[in-house]
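What follows is a set of notes on a single structure, which appears directly below.
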Amino acid sequence: MFWPIHDLFERGILTQRDLDLYCKPEGFLGTHPDYGNPGIEASTGSLGHGLALAMGMAYGDRLNGIEREVHVVMSDGELREVQSGKQFYWLQL
């Protein structure tokens, strides 16, 4: 099972039934985490865009005094994007 989805189960966001129906016509979970699914705050398009979005969300939370974790699931293709390299550099600042 795709581990971020299992993580949502462990946090009580998804049910066992949700996991049982993963990638099945009668279920709502597909292979891509879509905005609107429980626990998903954004769907991204272009490779490398998700990291920038998550960084902005985390930075905004910090500025607003909100304490929470922001997770990003990235593929090897995203890690090869120039945009991702620039974002990792910014994270070090």
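The values are calculated or read from the model by the stated rules, or taken from the named source; none is laboratory data. Keep in mind the model is a prediction, meaning the values are calculated, not measured. As a convention, Cβ positions derive from the backbone with ideal geometry for all residues, glycine included, and neighbour counts pool all protein chains shown. Ligands, DNA and RNA are excluded from the accessible area calculation, which covers all protein heavy atoms including side chains. Shrake-Rupley method; radii C 1.70, N 1.55, O 1.52, S 1.80 Å.
Regarding segment 45-63, can at least one residue be identified that is at pLDDT below 75, in contact with a Cys (Cβ under 8 Å, 6 or more places away or on another chain) and exposed (fewer than 15 other Cβ atoms within 10 Å of the Cβ)?
no
Just give me the residues in segment 72-82 being open to solvent by less than 80 Å² (accessible area, probe 1.4 Å) and farther than 10 Å from GLY50 by Cβ, in sequence order. Explain how you work it out, then say what you get.
If we filter segment 72-82 for residues that are open to solvent by less than 80 Å² (accessible area, probe 1.4 Å), which is where we start, we get 72-75, 77-78, 81.
The answer is GLY77, GLU81.
Select, from GLU69, GLU41, the only residue that is at pLDDT 85 or above and surrounded by fewer than 14 Cβ atoms within 10 Å (Cβ to Cβ).
GLU69
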